[in-house]
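The values are calculated or read from the model by the stated rules, or taken from the named source; none is laboratory data. A quick note: this is a predicted structure, and the numbers were derived from the prediction, not measured. Heads up, the Cβs are rebuilt from the backbone with ideal geometry, glycines too, and the neighbour counts pull from every protein chain shown.
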Amino acid sequence: MKNTHSEETRSYRDPIATRVRAAGRRKEALEAEYPGVRTAYDGFYLRLEELSEEGNRFFLGAEGIIGSELSFIVRAQADSELQLEEAVLLTTKDGRELASISGKRARKLALHLSDGWRCKALLCTTFFRAQDKSCIADIACICWAPEDAVTFKADLAYDAALENFSRNIAERLAKGDRADLSLSQEQYNNVLRSGGEWFLTPTVKREPLQKGAVVYKSQRSGTERIAGFAFRHRMGCNILASIFWVLLIAGIVALVWFFFF
């Protein structure tokens, strides 16, 4: 480049524009390495205020353990005009129906499920409504696209990372920590890069309660942790039963020895 006196000068480069272009190239490279969070992941909380009789018994009973996993199923049903539409149901792992989900969240879940997404439902908080002595439940929803439907270049254990991430979120819920489930691209990359061990999202506040409702359960007690382990693992049930019988027999032997010897 020459100035007005025909002298050779160095060309001017805008440092800000250079940094912007470099950041754009880094972003493009990162997007190629990891899946796009907006197209492959969804996380949100769902409040259920109309539960079935089975749902009220479940959430107010011993099985309603905070952080426990439930299931979503889609079922066709007739609406008010006798036309078929898809309803999303919340069920236990063994198929008992707890609630029917409606509104925008139901349509979003139905779309995810029809596209083959994995949709995890984790019990977050239960509330007791004094007016009709029923239950309200907050559910954490973690959804992700199947691995064969997303593109990425990084060497990732994709499904395993998100499964592990959902388990770690369940542990946070069990401690009463309402984790933010809406991940940014950087947070999502951290989850995949760490194999699901990164779950340091901030805590969010729950939605305001309706009048007459109080918190019934918001974290897991020590006895519920033992029960939760037993519910998740059949072997856990056997171990707990074995410990119980060993202690019972040991107690009987000790009493017999004390009174007769």
Point to revise | Tally, over the range 111-136, of residues that are under 14 Å from the mean Cα position of the chain (by Cα) and of a type outside the set (Phe, Trp, Tyr) | key: 8
Check your understanding: Being touching a Lys or Arg at 6+ places or on another chain (Cβ under 8 Å), of a type in the set (Asp, Glu) and either at pLDDT 90 or above or over 24 Å from Ser184 (Cα atoms) (or both), is that true of even one residue in the range 76-83?
Key -> no
Check your understanding: Within the range 62-73, can one find any residue that is part of a loop (DSSP other than H, G, I, E, B), more than 27 Å from Asp177 (Cα to Cα) and either over 21 Å from the mean Cα position of the chain (by Cα) or modelled with pLDDT of 95 or more (or both)?
Key -> no
Check your understanding: Given the structure, is Leu89 surrounded by fewer than 20 Cβ atoms within 10 Å (Cβ to Cβ) and part of a strand (DSSP E or B)?
Key -> yes
Check your understanding: Any residue at all in the range 163-174 that is surrounded by fewer than 13 Cβ atoms within 10 Å (Cβ to Cβ) and assigned by TED's automatic domain parsing to the domain that holds Phe59?
Key -> no
Study note, to complete from the structure: Quick count over the range 41-71, residues being touching a residue at least 12 places away in the same chain (Cβ under 8 Å) and more than 17 Å from Arg105 (Cα to Cα), is 15
Point to revise | From Ser134, Ser221, Ser194, residue being of a type in the set (Ser, Thr, Tyr), touching a residue at least 12 places away in the same chain (Cβ under 8 Å) and under 25 Å from Thr92 (Cα atoms) | key: Ser134
